[in-house]
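Following: one structure in structure tokens, then a few remarks.
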Amino acid sequence: MSDYQPIDISRWCNAGVAALGPEEEPTTDKASGERIEARVHTGRQTFRGLPFLVGAPDGEPGGDCFIVLGGSDASVTVRIGAKASRVIVAHTLLETTFPEDGRSGKKVADYVFHMAGGGEERVPVRESFEIGPLPYGRGQFLAVADTKSDLLPRYEGEFGRAGWRQVESRGGISRLYYLWAWRNPDPEHAIESLEIVPAGPRFVVAGITLGHLDEHPFAREGSRPARIILTDPEDARTPGALEVAVDRGDTTYVYPLPQASTDEFIGDPYKGWGQRQNERSSPTYVEISAIPSATVAVKQGGKDVGKVNWGEVQDQGAVETPRMRFELIDPGKNWVSVTVLDEDTGRPVPCRVHFRSPDGVPYQPHGHHNHVNSNLATFNFNIGGDVRLGQITYAYIDGTCQGWLPRGEVVVDIARGFEYEPLRTRVNIEPGQRELTLRIKRWINMNADGWYSGDSHVHFLSAQGALTESRSEDLNVVNLLQSQWGSLFTSAQEFTGAPGISQFGDNIVYVSQENRQHFLGHMILWGLKKQVMPWCSDGAGEAEIGGTLETTLSEWADRCHAQGGTVIAPHFWGLNREAVPLVATGRLDGIELCGHQKKFPHDEYYRVLNCGYKMPVVGGTDKMSSDVVVGYNRTYVHLRDGEEFSYDNWCRNVTRGRTFLSSGPIINLTVDGHDVGDTVRISGPGTVEVEAWAESVLPIHRLDIVQAGRVVASAESQGPTRRLEIREKLRVDGHTWIAARCGSPDYFGDPDYDDMKRGIYAHTSPVYIACGGEWWMFDRGTTEHMLTVIEGDIAYIRETSGQHPRGRVTHHHGEDDHIAHLERPFHEAREAIEARMRELGIAP
């Protein structure tokens with residue numbers, strides 16, 4: 001005898017499929033995109049993993065397949081003649097007056113179970129309790145839908161349902177029936193029959209199934225984590241997630257567990273900053289809620305790996321098949337209120353937190369994700385309050401949070417920017433424990449020394465979300481940038497033309513713009529009072545499909561400066577396209593080395609300086625996903641002479657060159673006692689004393705002094721270290737500049753776990769050294785290159801760029817000759833370069 005036995009009720013059926021009304025055309029579920037068929041299928045059917053018979057066993061269409069009763073109809077007695085622990089009825093209500101009459105719980109029928117040897121159990125069947133109406137209900141008080149919850153397609157689906165996909169699962173709906181289970185109080189005695197006594201509105205009984213196991217037939221137990229270990233090494237090495245299906249219960253997606261042990265994780269030098277993602281199929285974990293008789297099926301690439309019985313897993317803790325080990329890793333859990341305190345102030349401190357079991361199963365605070373977007377990409381998604389670094393999803397909290405934590409050992413990982421010691425450790429949660437207090441300590445206070453940090457370049461967050469996340473990252477300024485991405489405009493509603501300041505006064509979010517062209521380049525505009533339009537220009541990728549070249553970066557810069565704003569070259573990639581005229585005409589206030597830690601943009605930045613253009617360096621993330629920490633690459637700006645911290649003062653000191661960028665280290669440089677951004681004046685060739693140090697909570701290996709683009713002094717460590725120092729006297733034979741940088745063994749490299757794969761490094765703006773007269777530098781090769789690029793820019797405008805026919809449109813600038821308007825800043829740049837060459841006595 002099987003565990004569940006469907007009863008053949010066809011001899012008592014008195015109605016066909018038409019009893020449910022005319023068959024409807026299939027509809028589409030809003031979440032999954034799945035077609036929902038409300039059509040009746042007869043014969044052997046499965047609802048929520050349980051077998052039923054609807055009509056005759058052969059499922060012949062056209063005959064009677066339902067018992068339909070109502071009103072004063074005579075009762076129908078269905079012969080059972082068997083023992084059973086449960087009786088499950090698939091039925092549905094054909095008539096309802098709820099909610100029109102304002103009442104629920106109206107009696108529909110009595111189900112009378114007649115026991116062998118005499119005795120009966122009479123159960124009232126009531127609307128909204130044991131039975132309900134269609135269409136597409138979500139269950140009743142004591143009955144469940146005929147379909148269980150299911151996962152939405154993990155990797156595919158229609159574009160319009162992308163938002164629905166993030167909910168991951170769809171609750172079960174009653175397509176045709178509700179399932180109600182009666183528990184037999186005396187399962188040792190056979191049930192002779194079930195008498196169905198109508199007492200009200202018409203209803204349908206479609207099937208009756210006996211349950212022979214001592215289990216509730218519908219999953220009610222909360223989900224439990226289980227680990228899957230593939231025992232075949234080739235299976236385990238195969239990349240990609242496994243698929244798990246449960247016939248009588250629910251399951252989550254499958255997620256990889258870390259390959260490193262807890263000891264290795266805690267000992268990793270990148271505390272607080274993620275973990276390398278396990279890309280393999282094993283080990284992984286899944287969470288399951290199921291009844292003991294459920295079958296859990298595991299597949300890899302659509303092919304069977306193995307099946308286990310959930311009850312055996314619960315009883316034994318682990319079950320092995322030829323290709324896998326399937327085991328529970330559920331120590332129990334407590335609802336715990338967590339407080340993270342600042343060690344020095346004793347007050348809760350905003351930060352970024354991650355909690356996991358020793359097995360690697362995440363237990364994030366309530367309201368936060370265990371896996372941001374199911375571990376998929378998040379471009380243009382404001383997930384909200386979470387960030388993922390490789391294997392780990394972190395939650396941003398205000399210093400307090402609450403949620404489930406596993407009993408016993410818990411691994412904690414906490415970070416707050418670069419000025420706090422990250423905390424990665426073990427704690428213990430006792431069975432009755434309800435509170436947990438943790439502490440993190442600031443190792444340096446840059447604000448106290450006049451340094452204020454900011455991210456030059458952030459997208460897709462809300463303004464309030466940027467304030468929240470920046471406080472948790474100990475970041476003072478976020479430049480949240482509107483932009484256009486083809487047909488998408490982002491952060492349009494966030495613009496106010498003024499800084500948004502947190503109630504604590506030490507965090508500012510200013511919504512401005514990144515204006516972009518697909519060929520001439522991109523530009524960051526800080527501190528706008530009015531929007532500078534068009535946001536993007538010059539065609540698809542940045543502007544709209546078929547877009548034309550409507551403006552130049554130089555015009556955008558002029559309009560920004562006219563408002564008192566600041567102009568930055570984002571993710572600088574060399575002296576090319578319109579970067580050249582921007583540098584040549586002094587329209588740029590700073591160059592952003594956004595990340596990637598590549599040699600080329602550094603060399604190009606040095607080229608700008610060596611050609612005599614003073615240019616500060618700034619750092620930003622170009623954050624466009626929840627896989628990048630806001631402020632991971634940041635700009636530290638020094639306010640001096642008693643200046644108060646404000647957005648205007650912060651920007652003003654960027655243009656003065658009082659900056660360093662950092663993705664971890666704190667770096668300091670002085671030349672003859674002068675700070676970055678200063679000009680040291682010496683009467684002639686000689687020596688200057690250079691002092692530099694770098695200290696970091698993340699590992700560094702070398703500290704370099706760069707003079708005129710060449711490394712002239714270094715301090716190196718064979719292994720990762722926290723602090724490096726240099727004190728050197730350097731020879732100066734003419735006008736020059738000096739900067740400091742630190743990072744990995746070769747400076748370029750050492751990728752971390754954020755989406756951009758940036759390393760751990762820092763770089764100062766220069767200290768300029770004027771050797772006998774006003775500072776200047778010149779490089780003929782670079783200058784000739786710049787003139788060539790300008791020639792190419794003009795040719796692009798005239799011969800290649802998209803344009804409307806003359807006279808067909810008017811442009812935002814209001815000039816008659818649109819091409820002349822576009823070319824003007826390039827001619828200005830060429831004239832500026834040639835005038836500079838003449839001033840230096842060099843023939844153009």
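Worth pointing out:
- Evaluation of THR425 against (1) in contact with a helix residue (DSSP H, G or I) (Cβ under 7 Å, 6 or more places away or on another chain); (2) closer than 16 Å to ILE397 by Cβ; (3) touching a residue at least 40 places away in the same chain (Cβ under 8 Å) (one fails), failing number: (2)
- Unique residue being closer than 30 Å to GLU95 by Cβ and surrounded by 21 or more Cβ atoms within 10 Å (Cβ to Cβ) when the list is ALA143, ALA226, ALA199: ALA143
- Matching residues, segment 355-373, being surrounded by 17 or more Cβ atoms within 10 Å (Cβ to Cβ) and within 16 Å of GLU435 (Cα to Cα): PHE355, TYR363, GLN364, PRO365
- Filtered residues of segment 120-134 (kept if within 13 Å of VAL89 (Cβ to Cβ) and in contact with a His (Cβ under 7 Å, 6 or more places away or on another chain)): ILE131
- Put simply, of ASP704, ASP755 the only residue that is at pLDDT below 95 and surrounded by 15 or more Cβ atoms within 10 Å (Cβ to Cβ) is ASP755.
- Exactly one residue out of LEU389, LEU405, LEU376 is at pLDDT below 95, surrounded by 21 or more Cβ atoms within 10 Å (Cβ to Cβ) and of a type in the set (A, V, I, L, M): that is LEU389.
- The residue of segment 162-184 that is farthest from GLU121 (Cα to Cα), among those that are open to solvent by 10 Å² or more (accessible area, probe 1.4 Å) and modelled with pLDDT of 95 or more, is TRP180.
- Restricting attention to segment 550-578, the residues being over 15 Å from THR655 (Cα atoms), assigned to a helix (DSSP H, G or I) and in contact with an Asp or Glu (Cβ under 9 Å, 6 or more places away or on another chain) number 2.
- Any hit, segment 658-670, residues being modelled with pLDDT under 95, within 33 Å of the chain's Cα centre (by Cα) and either open to solvent by 10 Å² or more (accessible area, probe 1.4 Å) or closer than 25 Å to ILE700 by Cβ (or both): yes
- Among the residues making up segment 105-156, those that are among the aliphatic types (A, V, I, L, M) and either without any contact (Cβ under 8 Å) to a residue 24 or more places away in the chain or farther than 30 Å from VAL167 by Cα (or both) are VAL108, ALA109, VAL112, MET115, ALA116, VAL123, VAL125.
- Residues of segment 487-522 satisfying the condition of being part of a strand (DSSP E or B) and of a type in the set (A, V, I, L, M): LEU488, ILE501, ILE508, VAL509, VAL511
- Selection status of GLU542, open to solvent by 10 Å² or more (accessible area, probe 1.4 Å), under 24 Å from the mean Cα position of the chain (by Cα) and more than 24 Å from VAL387 (Cβ to Cβ): yes
- Residue identified as within 33 Å of the chain's Cα centre (by Cα) and open to solvent by 10 Å² or more (accessible area, probe 1.4 Å) among ASP648, ASP678: ASP648
- Remark: VAL697 matches the filter, which requires a residue to be closer than 23 Å to VAL630 by Cβ, aliphatic (A, V, I, L, M), in contact (Cβ under 8 Å) with a residue 12 or more places away in the chain and assigned to a strand (DSSP E or B).
- Counted residues, segment 506-530 - those being farther than 20 Å from ALA569 by Cβ, open to solvent by 20 Å² or more (accessible area, probe 1.4 Å) and free of Cβ contacts under 8 Å to residues at least 60 places away in the same chain: 2
- Out of GLU158, GLU130, GLU120, one residue alone is open to solvent by 30 Å² or more (accessible area, probe 1.4 Å), modelled with pLDDT of 90 or more and of a type in the set (Asp, Glu). It is GLU120.
- On the stretch given as segment 244-258, residues that are within 20 Å of THR393 (Cβ to Cβ) and either part of a strand (DSSP E or B) or open to solvent by 20 Å² or more (accessible area, probe 1.4 Å) (or both) total 4.
- Qualifying residue in segment 259-267 (condition: more than 29 Å from GLY211 (Cα to Cα), modelled with pLDDT of 95 or more and open to solvent by less than 10 Å² (accessible area, probe 1.4 Å)): yes
- Any hit, segment 29-47, residues being buried (at least 18 other Cβ atoms within 10 Å of the Cβ), at pLDDT 85 or above and at positive phi: no
- Taking segment 470-485 as the range and being surrounded by fewer than 24 Cβ atoms within 10 Å (Cβ to Cβ) and touching a strand residue (DSSP E or B) at 6+ places or on another chain (Cβ under 6 Å) as the test, the residues that pass are GLN482, SER483, GLN484.
- Members of segment 202-223 that are touching a Lys or Arg at 6+ places or on another chain (Cβ under 7 Å) and open to solvent by 10 Å² or more (accessible area, probe 1.4 Å): PHE218, ALA219
- The residues of segment 434-450 that are outside any loop (DSSP other than H, G, I, E, B), out of contact with any Pro (no Cβ under 8 Å at 6 or more places or on another chain) and open to solvent by less than 30 Å² (accessible area, probe 1.4 Å), listed by number, are LEU436, LEU438.
- Scanning segment 627-645 for residues that are open to solvent by 10 Å² or more (accessible area, probe 1.4 Å) and touching an Asp or Glu at 6+ places or on another chain (Cβ under 6 Å) returns a single hit, ASP627.
The values are calculated or read from the model by the stated rules, or taken from the named source; none is laboratory data. On a predicted model such as this, the values are computed, not experimentally measured, just so you know. No Cβ is skipped: glycine too gets one built from the backbone with ideal geometry, and neighbour counts run over all protein chains shown. Accessible surface areas use protein heavy atoms only, side chains included; no ligands, DNA or RNA. Shrake-Rupley method; radii C 1.70, N 1.55, O 1.52, S 1.80 Å.
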